[in-house]
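Some notes on the structure that comes next.
The values are calculated or read from the model by the stated rules, or taken from the named source; none is laboratory data. Since the model is a prediction, treat every value here as computed from it, not as a measurement. Here Cβ is always computed from backbone atoms with ideal geometry, including for glycine, and neighbour counts include all displayed protein chains.
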Amino acid sequence: MFIQTESTPNPATLKFLPGQVVLEAGTADFPNAEASGGSPLARRLFDVKGVTGVFFGNDFVTVTKDDGMVWDHLKPGVLGAIMEHFQSGAPVIEGESSAGAGGHADHDGPDAEVVVQIKELLDTRVRPAVAQDGGDITFHGFERGVVYLHMQGACAGCPSSTLTLKMGIENLLRHYIPEVLEVRPVAA
């Protein structure tokens, strides 16, 4: 098994490509070891000293490290954990096949049509680009012209995430949906 690595805009996060499907659909975010209970792969990765976050996409695993660690020292342990997991035949996530294909929060009410448009733009224009950098952005809410988005994986804590939200996503949504006035991040 050959696992490729790619850097991300977030220096604390590295993207690992095992050359096979990680999740059939959706994404899974494990912002800390306590959240990894349902995933044998995430538990294995958190056993590597210095790993502080794990995120799964369709064909990648994004790992976030402690600021005091150096990737040259951490990468061999992460590669070993990923390789051991896939060779073991264990599921990536126990029980359900994925963490939810959409990932977006439900929304109903007077703005339902606007929210459908927001989700459509996120799914077709934003999420594929963000996945290239090892992360995901999901819809969390819409209230009085403000879109609330949840940033995961390499996007969470990335130094350029504010710029991505304001200059990229906010401008895109405002261009296509006049009801959108602003975009703000939300914590998990």
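In segment 1-52, the qualifying residues are those that are farther than 20 Å from Gly80 by Cα and either of a type in the set (Asp, Glu) or at pLDDT 95 or above (or both), and the one that is surrounded by the most Cβ atoms within 10 Å (Cβ to Cβ) is Asp29. Against the conditions (1) free of Cβ contacts under 8 Å to residues at least 60 places away in the same chain; (2) surrounded by fewer than 18 Cβ atoms within 10 Å (Cβ to Cβ); (3) farther than 19 Å from Ala12 by Cα, Glu179 satisfies every one except (1).
Against the conditions (1) farther than 18 Å from Leu23 by Cα; (2) touching an Asp or Glu at 6+ places or on another chain (Cβ under 8 Å), Ala154 satisfies every one except (1).
From the list Leu173, Leu163, the lone residue that is assigned to a helix (DSSP H, G or I), without any contact (Cβ under 8 Å) to a residue 40 or more places away in the chain and either touching a helix residue (DSSP H, G or I) at 6+ places or on another chain (Cβ under 7 Å) or surrounded by fewer than 17 Cβ atoms within 10 Å (Cβ to Cβ) (or both) is Leu163. In segment 61-98, how many residues are free of Cβ contacts under 8 Å to residues at least 24 places away in the same chain and at positive phi? Result for segment 61-98: 1. Quick check on Gly68: is it part of a helix (DSSP H, G or I) and assigned by TED's automatic domain parsing to the domain that holds Pro18? It is false that Gly68 is part of a helix (DSSP H, G or I) and assigned by TED's automatic domain parsing to the domain that holds Pro18.
Of the residues making up segment 53-74, those that are crowded, with 18+ Cβ neighbours inside 10 Å and of a type outside the set (A, V, I, L, M) are Gly53, Phe55, Phe56, Gly57, Phe60, Thr62, Thr64, Lys65. Exactly one residue out of Val48, Val22 is touching a residue at least 60 places away in the same chain (Cβ under 8 Å) and part of a loop (DSSP other than H, G, I, E, B): that is Val22. In segment 103-143, of all residues being outside any helix (DSSP H, G or I) and of a type in the set (Gly, Ala, Ser), the one that is surrounded by the fewest Cβ atoms within 10 Å (Cβ to Cβ) corresponds to Gly109.
Considering only segment 125-150, state which residues are under 17 Å from Leu172 (Cα atoms) and aliphatic (A, V, I, L, M). Residues satisfying the conditions are Val126, Ala129, Val130, Ile137, Val146, Val147, Leu149.
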